[in-house]
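J.: Pasting in a structure now, in structure tokens, and then I'll have a few things to ask.
The values are calculated or read from the model by the stated rules, or taken from the named source; none is laboratory data. Just so it is clear, the model here is predicted, and its values are computed rather than measured. Cβ: placed from backbone, ideal geometry, glycine included. Neighbour counts: every protein chain shown. We work out accessible area using only protein heavy atoms, side chains counted, and drop any ligands, DNA or RNA first. Shrake-Rupley method; radii C 1.70, N 1.55, O 1.52, S 1.80 Å.
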Amino acid sequence: MKSENSFSMTVLSKSSNESFVRSVVSAFALSLDPTVEEISDIKTAVSEAVTNCIVHAYKDTIGKIYINCDIKDNVLTVKIRDRGIGIENIEQAMEPLFTTSDDERAGLGFAVMQSFMDSIRVRSVVGKGTTVTLKKHISVRYATKKQ
Ligand SMILES: Nc1ncnc2c1ncn2[C@@H]1O[C@H](COP(=O)(O)OP(=O)(O)OP(=O)(O)O)[C@@H](O)[C@H]1O
Ligand SMILES: [Mg+2]
């Protein structure tokens, strides 16, 4: 039987919650029996999305980050939403090396999310917030039969 599962959580945009959300999402994904590499990819992508909420969406403020996760047909979907400043030009924001940050940001967060997950969708309204939806298919693996 195909397993289905989901959870939602809301955290404040405190920097400590970046590792907290990353750990919770990766623990949730474990039921799909991912490889070590797949888990690491998920952690990295989630970490980038949550960090963006903390440093860009709620720059100089503390706001809520809404996480929705589900598993269906071996696909993990992670939706990370904020109600922060929003993104004016999504296409430009997603270009590698583009950053609006004046400190040492590389502008690679979206590129990393894109390369570590199967798909990424970004929706944003200036002044209202941003939603990033990440998807990753986890292949079913079977135990090797004894010879
Ligand atoms: N949740 C968000 N709310 C508002 N703006 C965002 C959000 N996420 C990304 N952005 C905008 O998109 C730009 C690109 O994001 P990206 O994660 O690719 O790079 P970065 O965060 O600037 O640098 P890095 O992730 O390498 O530290 C950001 O500089 C910011 O302007
Ligand atoms: Mg970033």
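J.: Taking R0 as 35 Å, what FRET efficiency do you get between THR100 and SER8 from their Cβ-Cβ distance, rounded to the nearest 0.05? Mind dumping the intermediate values first?
T.: Working: r = 29 Å, r/R0 = 0.83.
So the FRET efficiency works out to roughly 0.75.
J.: I want to check the label-to-label distance for ASP70 and THR144. Put each point 7 Å from Cα in the C-beta direction and report it in nm to one decimal.
T.: With each label placed 7 Å out from Cα toward Cβ, I get 3.7 nm.
J.: Looking at segment 34-126 only, what percent of DSSP beta bridges run antiparallel? Nearest 5 please. Let's see the in-between values first.
T.: On the way: 8 of 8 bridges.
About 100 percent, rounded to the nearest 5.
J.: Please compute the Kirkwood hydrodynamic radius of segment 5-137 from all pairs of different C-alpha atoms, in Å with one decimal. Present the calculation step by step, with values, prior to reporting the outcome.
T.: On the way: mean 1/r = 0.0679 Å⁻¹.
After inverting the pairwise mean of 1/r, the radius is 14.7 Å.
J.: Under 21 Å between alpha carbons, and skipping anything fewer than 8 positions from LYS128 in its own chain: which lysines qualify?
T.: Result set, ordered by chain and number: LYS14, LYS59, LYS64, LYS79.
J.: Further question: What range in the chain is the longest one free of GluC sites (Glu not before Pro) that are in a loop by DSSP and have at most 14 other Cβ atoms within 10 angstrom? Can you show the working numbers first?
T.: On the way: sites that count: GLU4, GLU88, GLU104.
Answer - 5-87.
J.: Each label point is 7 Å from the Cα along the Cα-to-Cβ direction; what then is the distance between the points at SER23 and SER40, in nm?
T.: Taking the simple label geometry, SER23 and SER40 are separated by 2.0 nm.
J.: Of all accessible surface on segment 5-137 at a 1.4 Å probe, what whole percent is carbon and sulfur? Mind showing how you got there, number by number?
T.: Working: 3510 of 7220 Å².
Answer for segment 5-137: carbon and sulfur cover 49 percent of the accessible area.
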